[in-house]
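Notes follow the structure.
What follows is calculated from the coordinates using simple rules that are stated; it is not laboratory data. Values in this document were obtained by computation on a predicted structure and should not be read as measured data. Cβ: placed from backbone, ideal geometry, glycine included. Neighbour counts: every protein chain shown.
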């Protein structure tokens, strides 16, 4: 069993004019990931900035191959959501 912790720093593209609009976009991203992959996920940094956010999530895999597939699917899921991935960190426990 492999417990993996991720921190993903994202830049929101487009003209974000309020924190309410930012929260709506980040919430949509989080809900999409949570519903598709059954992970624990939370916004952990940059809550008061308009165009940047950092989300953290935890995932448990049975093998490194499963973990690699999961990461590829996460990247595919984030692609095309009007966000840019600035940093992607993985920490294995």
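Structure values in brief
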item	result
Helical contribution to [θ] at 222 nm, DSSP H n ≥ 4, -39,500 (n - 2.57), averaged over the chain, rounded to 500	-12500 deg cm²/dmol
Fully extended contour minus Cα-Cα distance, from residue 2 to residue 18, at 0.36 nm per residue	1.9 nm
Gain on full stretching of the segment that runs from residue 62 to residue 84 - 0.36 nm per residue minus C-alpha separation	5.0 nm
Average Cα contact separation per residue, the chain, under 8 Å, 6 or more apart, as relative contact order %	52
Förster-model FRET efficiency, 25 Å R0, residue 11 and residue 69, C-beta, rounded to 0.05	0.45
Separation between Cα centres of segment 1-19 and segment 73-93, rounded to whole Å	7
Hull shadow area, averaged, the chain [alpha-carbon convex hull, nm²]	5.5
